[in-house]
Every structure is written in C-alpha cells, then in structure tokens.
Amino acid sequence: MNKSVADVITNVAHRSTRRGTLLLFAVFLCGGIIYSLVLPLGLSPDEAAHVKYIKYMARTGSLPIWKPDGGGEAGYESQHPPLMYATGAVVYRASSFLPENWRWQILRWYSLLIGVCLFWVARGFFLDYFKDHNELALVPLAALSVTPLVLEYSSYPNPDIMCALWSTLAFWMAMRVARGTARRSDQVILSIALGLGLLTKLTALSMVPVVVLAYIFAPAAEASKRWEKCRLGIFGTFLAAMILAGWWYYRNGLLYHVVFPHTISSVLPGWPLLLVSGKAGLLIWTTLFGTFGSSFVELGWMPFPLITLLLCGVVFCVIVAAVLTSLRRHSAKRRSACDPAHWLMGVLIMSIFVSQQYQAWFIDFAFSFGGRYMMSGLACSYGLIAFSLAENKRRRLYYGLWIGALLTMGALSVAYLVLSHNMVVVPGWHLLKLTIPY
C-alpha cells in the first residue's frame, strides 16, 4: 500500500529532526569536553568548595553539620541539599585508584553526564511543546546546546546543572498535566522530579507555583469533578515530593532551627549597600545586567566589556523582537494564545527571577544575582523565544543572530581561558599536575 504524500513528508521531517538532534548533541558534548579541559582546577565558581563537600561525604559517609559562620566541617556549600554531593561522593570514591587531579576530572565528567541528561530531557520537552512542528524544536535546542553557561556548568561539579535537569523534567510533565495529555506515569515522574529537585537545590522551589497552576489548568471529563481532581493531583504530587525531600528540611529545623540554611557571607545584601553607597542606579544596573548577561556566559571570562555588552545586546534585541511579535499576533481566537504552557513558562521564569532578586537584595548581593539560578528555567525561556518568533518574517535572521551571539560568547570565553591560564602548555594541563587548589 502506497504512503500518502503527507506521510512521506512527515517521515522526512522526523528523519531530519533526528539528524539535527544528533548533530546538536555532538556539538554539546564537544563543548562540554572542551570546557572541562581548558578550565584549570578550582577556577570554576566555587568548584573547590563543591569538591570539599563531596570529599567530606566520601570520607565519612554521612551528612555534615552545618554552621552559619563558614559552613562548618564541609565548608560553606554544606548549606545545600545533599543529592549532587552524595552521588558525587560515590563517583569520587570509585576513582580512588587515580591521582587526585584525575579524580577531580572524573567529577567534572560526571557533571557532563548530568548535562547530557539535561540535553535529552530538553529535547523531549521541545518536541512535545512544538508537537506539530518538530523542526522548530531544533531552534531552542540549538541555542541551549551552545549556551556557554550551560556548557560551563556541565563541565565541573555543582548542584545548579542537576537542579536545571530536575526543573526541566518537572516542567515538561507539568505542561502535560496542564494540557490534559498527562498519563499516570507522567504525574509520578512530576512528583519524583520535584522531590529530587528540592533535594538538590532550593532553586527548585520555583517549580511549586508551576505545579499548582498546572493542576488548576488541567481539563476534566466532568466539570463537577474538576476541582476534586485538582486538589487530589496537587496533594499527591507534593506528598510524594516531600517523602523524597522533606526529611532534609525537617532535619534542618531540628538541628539548626531554620528550614533553609544559608552560610553567612562577608558581602552585605543589596539594600544596606544601597544605603551606604547611595549609588542606586549603579547597583540596580549591576543586578539587572549581571542577572541577564550571566544567564548566558560567565561575565568574568569575556575579554572585553564592550564585546560583552554588544553580544548581550544582540540577545536582548532578539528577546524584544520575540515579545513584540507575540504581542502583535495575540488574539483570543488563536489557540496558541490559550496554550497553558505559556502561562506556566511565564510563572516559572518570574518565580526564579523574583526569588533570585530577593536573595541578592536581602541576603547576599555579590553571589546571588548570577544567571546560574535562571538556568533552571532556561529551556522554558528558549522555547518561548523560538515560539514567539515563529511567525516573524525575519525569524531566520533573529534565530541566526541569537545562536550566533551565543556561539561567539562561547568561543571568546574559551579563548580567554586558554590565553589567560594555558599560555605555555596545552589545554588540559591540569591533568598532568598533581597540585590541586587546596
């Protein structure tokens, strides 16, 4: 029996999507490996502190006792939930036959494995989000694959990349719930992903309003049972998540009398700095640009401030074009405007942003406006940008500028790292040395 023309076109599109996915995966994997080799040990943000926490758990097989001043026996990162550090401790102990510098490198490649999982989860999410246009799903996947910050955080041990993995997976399942396409297994996965996220980093708390809203949006076969189904879904999801992660927060309350511990920093929160310095404009600009720019690349690893402003400006212009295109085509008659996924995306992005700004202004200014927090909602942001530009006549230009700017940021940051820290020896020099940061 001959296939219809539509079937042939669909099959060709699917094959093209698979080939594009494999190409992007190769790009992502090569980028992560390059970052893991050109970064000297301990240069990545808080890498030495993360490894200290991992080594403590590997040595003792127990959780550390946290202290507000300095963090206690496992260092200042012991404020974080233990999932990434406990799994990292298993990897570290398994590599005990290797020299210390190679054990660090194995931990870096373990993080790269988490980044690989993020890539494939993001692919599944994008294909589901653009369910009628599989080829369009490659655009945000390409942007995610070349984003320097994602590659960087996939190249050394840290909880942020694992939190991004669980948040993206949980959001994908929440989107299916809101659209009414979720199976029972999807709801189970949502509960597990939310629980594991809360056991990885507090940033995952930003998924809580998304989950609640997803069940509110979820359609029901019988209108009279809709709210009952909503209440049961919310209760079941959070109950399962708390079974996985609640013990950690209960332990904190018992031992430290705080549910969310935070190691005291030498840097003041933003509002006292504002009162002392009187430079409101400078502090606000630093916060907003620091948050926006560092959502894509480690700003300190770019060679020239002007180039950084230019490339971040290109990405900002693409986002503005996406917003304007979305506003122009917004209509009550359009199904796309009623897609609950868009509401969930907006809630997640704003939830992360507001919580991160709260930390910067009221807890710790210097270390809390970094884009690593926004990374947990980056897949949602990229999906929304790609969708919003889909009907723009100049979409190919905007897509090219967007991905090109991210590629250029990555190339410049890698070149800067090589020239600044590997002038004499080849990249990967730290594998030839036995010295470590502490």
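Using 0.36 nm per residue and subtracting the Cα-Cα separation, the extra length available between Arg19 and Tyr358 on full extension is 117.8 nm. Averaging 1/r over each pair of different alpha-carbon atoms in region 274-409 and inverting the result gives 16.3 Å, the Kirkwood hydrodynamic radius. For the peptides 199-208, 280-289, residues were scored by their other Cβ atoms within 10 Å and the scores averaged per peptide; the highest-first order is 199-208, 280-289. Per the Debye formula on identical point scatterers at the alpha carbon atoms of region 94-203, with no solvent, log10 I(q)/I(0) at q = 0.11, 0.12, 0.23 Å⁻¹ is -0.41, -0.49, -1.23.
A straight chain from Val208 to Tyr250 at 0.36 nm per residue would run longer than the Cα-Cα distance by 13.3 nm. Across the chain, how many lysine pairs separated by 8 or more positions, or lying on different chains, have Cα atoms within less than 30 Å? Step by step, the pairs that qualify in the chain add up to 16. In the frame of its principal axes, the chain has Cα extents of 65, 58, 52 Å, reported largest first.
Evaluated at q = 0.19 Å⁻¹, a Debye calculation over the C-alpha positions of region 34-150 (equal weights, vacuum) places log10 I(q)/I(0) at -1.00. Converting the Cα gyration tensor eigenvalues of region 142-249 into ellipsoid dimensions via √(5λ) gives semi-axes, longest first, of 28, 17, 9 Å. Return, ordered by residue number, the residues of region 181-209 whose backbone nitrogen is under 20 Å from a label point located 7 Å along Cα→Cβ of Met242. What the label zone holds, given the 20 Å backbone N cut-off, is 187-209.
Placing R0 at 41 angstrom, the Cβ-Cβ distance between Lys225 and Val90 gives a FRET efficiency of 0.35 after rounding to 0.05.
Here, each number is a calculation from the coordinates, and none is a lab measurement. Since this is a predicted model, take the numbers as computed values, not measurements. We place every Cβ from the backbone using ideal geometry, glycine too, and count neighbours over all the protein chains shown.
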